[in-house]
Amino acid sequence: MTSSPPASARHLKVSGVVQGVGFRPFVHRLAGRLNLAGWVRNVAGTVEIRLEGPTAQLDEFERSLRGEAPPVARIDSVESAPAAADGTSGFSIMESEDADTLRPVPPDLGMCAQCEHELFDRTDRRFRHPFITCTNCGPRYTVIDSLPYDRERTSMKAFAMCPACAAEYASPSDRRFHAETVACLRCGPRVWFEGMGEGVAEGSAEGETAILLAAAALHMGAVVGVRGLGGFHLAVDATNDSAIRRLRKRKHRDAKPLAIMVRTLGEARTIAHVSEREAAALRSSASPIVLLRPRDGSHLAGALAPGLDRVGVMLAYTPLHHLLLTAVDRPLVMTSGNLSEEPIAIGLDEGRTRLRPLVDAFLLHDRDILSRCDDSVLRVAGTHEILLRRARGYAPVPLPLPVASPQPLIAVGPHLKNTFTLARHDRAFVSPHIGDLEGLEALEHWRQAYDRYRDLFRVEPTVAVRDLHPGYLSTRVAEELGLSRTIAVQHHHAHVAAVAAEHGVTTPVVGLSFDGTGYGDDGNVWGAEVLVSDLSGYRRVAQMRYVALPGGDVAAREPWRVAVGFEALAGWHSEAFALAYYGVPNSLRAGVQQQVDRGVNAPLASSMGRLFDAAAAVLGVRRHSSFEGQAAMELEALAGDEPAAPLPFPVFEQDGRLHMDPVPLLTALGEGRRHGVDVGHLAARFHESIVETSVDLARLIAGSFALDTVVLSGGTFQNARLLTRIAQRLTEARLHVLVPQLLGPNDGAISYGQAAVAAWRLSQE
Ligand SMILES: [Zn+2]
Ligand SMILES: [Zn+2]
């Protein structure tokens with residue numbers, strides 16, 4: 001018999017999201033509690049732990065490691081190996097090992113409940129400190145300059161810790177032990193207000209006064225530029241219609257919905273219906289904008305989301321937001337600090353210069369933002385969460401690639417809603433939302449983000465991957481990188497590949513790829529495609545019947561022009577199309593008809609987005625759009641959840657391929673509307689027609705190719721009704737349905753799909 005159990009030692013390697021989330025301090029506390037000796041350190045994206053002590057305690061440690069990990073950590077695996085005991089005592093956090101391998105950077109985390117409590121606790125020394133954070137919350141990706149994640153390599157290095165903060169940082173029992181962003185009112189960043197006169201206070205003020213002045217300006221209807229976490233917001237009172245109109249005018253944003261921010265979930269519930277799933281998303285550490293159905297009689301201004309049945313809501317996610325919202329005591333519009341679709345401003349001087357014409361005042365701080373990161377946006381559809389924009393809180397968490405790339409690569413992404421993907425081995429680092437690649441600002445933003453990603457993750461790509469379209473700016477970007485090799489991937493193949501790849505599926509699938517525009521391999525505009533595809537390639541088995549798109553891209557903003565193209569298919573002078581041209585001068589319409597007849601600047605398109613435009617036009621809902629997808633969003637809002645029977649939307653075969661024929665569908669819609677049928681009911685029937693035909697096609701093709709898996713991809717599947725109905729019907733038909741989860745259905749996923757396809761190709765050489 002021995003008096004004390006023999007000591008043994010173990011070496012653990014923990015993978016997952018384990019850096020920058022308070023993992024090492026947690027390990028330190030756990031080891032202390034169990035009386036274990038050893039050390040913990042970050043090594044190349046994993047955490048290594050060496051432990052020494054009695055076997056029972058070692059086992060207990062491994063159990064608790066998974067059970068008690070910090071809320072935002074995610075343990076993917078723990079490798080445990082025995083080691084030789086050497087009688088060490090004490091437990092230490094060792095300096096990070098800077099290894100040149102794959103290194104994850106944590107995403108930014110919304111303020112945690114404990115910090116919120118301290119923020120409003122008069123007795124706490126951080127009472128009303130606008131930069132309160134801890135190991136479980138606060139900025140990460142946006143303040144990290146390089147890895148490993150330590151204060152000296154973040155923008156917090158400019159703020160030397162005061163003795164009180166330093167003591168917390170060094171104390172293993174403190175919840176700010178090794179919190180790299182720790183600060184307080186004495187030593188942390190500061191906030192200040194800059195008024196421009198013209199109705200708001202002129203001059204500047206700091207601290208509490210700054211927040212009060214900003215709140216006063218907002219009460220008066222001013223637009224305030226607020227420097228936040230991943231960039232500037234433009235803030236206005238969300239209950240003030242004229243203030244919102246002024247913001248729209250200055251920002252050149254006519255009708256596109258504007259997101260609002262409230263302080264608490266309770267406040268969100270007073271203005272909108274919030275399901276449990278939606279509440280969970282709102283409160284998640286990513287704290288995205290969630291699209292919610294507003295309550296009748298909410299005091300929100302009508303100009304927020306005209307014509308739509310959803311409003312984007314997020315909860316305050318930084319202490320500064322909490323303080324500002326407390327002072328204002330009403331919901332605020334918080335929209336990206338930019339003009340129209342330009343990149344969001346982040347730098348102090350940059351923000352002052354670029355946003356000066358848009359704002360009446362600024363609420364600023366001096367903690368530098370090193371990476372641009374917009375707010376993420378999602379909606380809940382049944383049991384699915386649909387990511388509409390993946391940025392803050394999600395990026396830069398890497399995604400796995402189903403087939404590892406033998407060479408590091410950069411997939412430059414699409415033309416609109418751009419993201420890029422940097423890939424090495426089986427890790428894909430998808431950038432946050434960048435925006436439309438149009439104009440020099442956007443190009444510059446793209447290059448900056450790319451350089452930061454290369455630096456952070458230390459990936460030097462040798463292969464560029466781009467879209468097929470020779471004329472896109474993204475293609476020029478790819479060529480200018482000057483890499484030894486460029487691979488081109490078709491847009492809709494990338495869509496289907498992205499969804500299959502995030503599910504780890506490499507075998508052939510039936511891919512429904514529905515969106516507005518992608519360049520087809522026949523030179524036409526694609527966007528309503530059914531592909532049989534895997535990572536190696538695709539076969540286009542079905543499409544929408546081609547229609548002439550008079551004016552090309554111009555038509556995407558003018559649904560009535562799209563209707564002209566479809567009317568040509570129906571044979572001219574169809575009474576069903578009459579409503580589409582209401583208010584359009586006859587001469588203009590005749591000119592566009594000629595354009596279609598002669599095929600002058602009228603590219604052929606197979607596009608689900610354009611079918612929605614044409615439907616909106618013939619229903620008299622919308623003849624001009626102010627942003628891509630507006631007509632589709634309005635039709636979805638009109639349709640609501642009303643059950644409806646499909647209208648005829650037949651399929652015919654031609655040249656060995658199936659074609660969806662939209663003419664009977666549009667004719668039925670126009671006829672119905674002319675006979676006074678409710679427009680919402682017709683919109684519902686329109687949706688059901690697409691569901692019916694999609695399901696028929698998918699089943700037919702799955703049957704004839706002996707496949708059992710269907711992928712839903714493309715921007716059209718941001719439509720919750722289509723996504724949930726098609727997924728439900730296909731599941732009932734015993735097909736396996738893959739929907740976008742880690743990335744959204746829209747073009748934000750294209751770069752990842754490009755990377756997956758290119759990795760496969762390279763792996764076969
Ligand atoms: Zn916290
Ligand atoms: Zn301090």
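The distance separating the Cα centre of segment 144-158 from that of segment 654-722 comes to 51 Å. Averaging the Cα positions of each part gives two centres, and for segment 597-627 and segment 225-286 these lie 31 Å apart. Please enumerate, by chain and number, the lysines with C-alpha under 17 Å from the C-alpha of Lys249, excluding those fewer than 8 residues away in the same chain. Output for Lys249: empty list, no partners. Taking θ as phi - 60° and the Karplus parameters 6.51, -1.76 and 1.60, the scalar couplings of segment 655-671 work out to 6, x, 9, 7, 10, 7, 10, x, 5, x, 5, 5, 4, 5, 5, x, 4 Hz in sequence order, x denoting glycine and proline.
Amide H contacts for Met314 (H built 1.01 Å from N in the peptide plane; partners 5 or more residues away or on another chain; cut-off under 5 Å): Ile260, Met261, Val262, Val290.
Extending 7 Å from Cα along the Cβ direction at Glu479 and again at Glu206 yields two label points whose distance is 5.3 nm. Annotation: amide H of Val737 within the under-5 Å range of Val710, sequence separation 5 or more or interchain, hydrogens built in the peptide plane. Using a probe of 1.4 angstrom and keeping all protein chains present, the accessible surface of the chain works out to 37 square angstrom per residue. The length gained by stretching the chain between Glu444 and Ala733 to full extension, at 0.36 nm per residue less their Cα-Cα distance, is 99.2 nm. Per-residue Karplus couplings for segment 698-704, computed as 6.51 cos²θ - 1.76 cosθ + 1.60 with θ equal to phi - 60°, are listed in order as 4, 5, 4, 6, 4, x, 6 Hz, Gly and Pro entered as x.
Dipole magnitude for segment 383-518: about 300 debye, using +1 per Lys or Arg Cβ and -1 per Asp or Glu Cβ, origin at the Cα centre. Shape class for segment 560-712, computed from the alpha carbon gyration tensor (a ≥ b ≥ c): oblate, with a/c not under 1.5 and a/b at or below b/c.
Taking amide H positions as modeled 1.01 Å from N, with prolines and chain starts lacking one, the residues under 5 Å from Ala205 and 5 or more places away or on another chain are Phe193.
Cross-link partners for Lys417 among the lysines, with Cα-Cα distance under 22 Å and sequence neighbours closer than 8 places in the same chain left out: Lys251, Lys256. When the Cα positions of Leu358, Ile386, Pro461 are compared along the charge dipole of segment 352-476, Pro461 comes out farthest toward the positive end, with charges on each C-beta of Lys, Arg, Asp and Glu. If I fit a long axis through the Cα atoms of helix 630-639 and take the longest principal axis of the Cα atoms of the chain, what angle between them do I get, 0 to 90°, rounded to 10? With both axes taken from Cα atoms, the answer is about 90 degrees. Can you give the FRET efficiency for Ser171 and Asp59, using 1/(1 + (r/R0)^6), R0 = 41 Å, r = Cβ-Cβ distance, to the nearest 0.05? Between Ser171 and Asp59 the formula returns 0.90. Helices in the chain, meaning DSSP H runs of at least 4 residues, each add -39500 (n - 2.57). Divided by all residues, the mean residue ellipticity at 222 nm is -10000 deg cm²/dmol. Per-residue 3J(HN,Hα) values for segment 183-191, derived from phi via the Karplus relation 6.51 cos²θ - 1.76 cosθ + 1.60 with θ = phi - 60°, read 6, 8, 4, 6, 10, x, x, 10, 10 Hz in sequence order (x marks Gly and Pro).
Taking the charge dipole of the chain about its Cα centre, with +1 at Lys and Arg Cβ atoms and -1 at Asp and Glu Cβ atoms, the residue from Trp192, Leu308, Phe429 reaching farthest to the positive side is Trp192. Of all DSSP beta bridges in the chain, what percent run antiparallel (nearest 5)? The antiparallel fraction comes to roughly 75 percent. Here Lys157 is the anchor, and no lysines lie within straight C-alpha reach of less than 28 Å, apart from those fewer than 8 places off in the same chain. Remark on the chain: ratio of C-alpha radius of gyration to 2.2 N^0.38 Å is 1.00. Within the chain, the cysteines lacking any other cysteine Cβ closer than 4.7 Å to their own Cβ are Cys115, Cys134, Cys165, Cys184, Cys373. With the charge dipole of the chain set up from +1 on Lys and Arg Cβ and -1 on Asp and Glu Cβ about the Cα centre, the Cα lying farthest toward the positive end among the listed residues Asn240, Pro400, Val105 is that of Asn240.
Of all accessible surface on the chain at a 1.4 Å probe, what whole percent is carbon and sulfur?
Carbon and sulfur together cover 50 percent of it.
The values are calculated or read from the model by the stated rules, or taken from the named source; none is laboratory data. All values reported here derive from a predicted model rather than from experimental measurement. Note: ideal-geometry Cβ built from the backbone for every residue, glycine included; neighbour counts use all protein chains shown. Quick note on the areas: whole protein, heavy atoms, side chains included, nothing else; ligands and nucleic acids left out. Shrake-Rupley method; radii C 1.70, N 1.55, O 1.52, S 1.80 Å.
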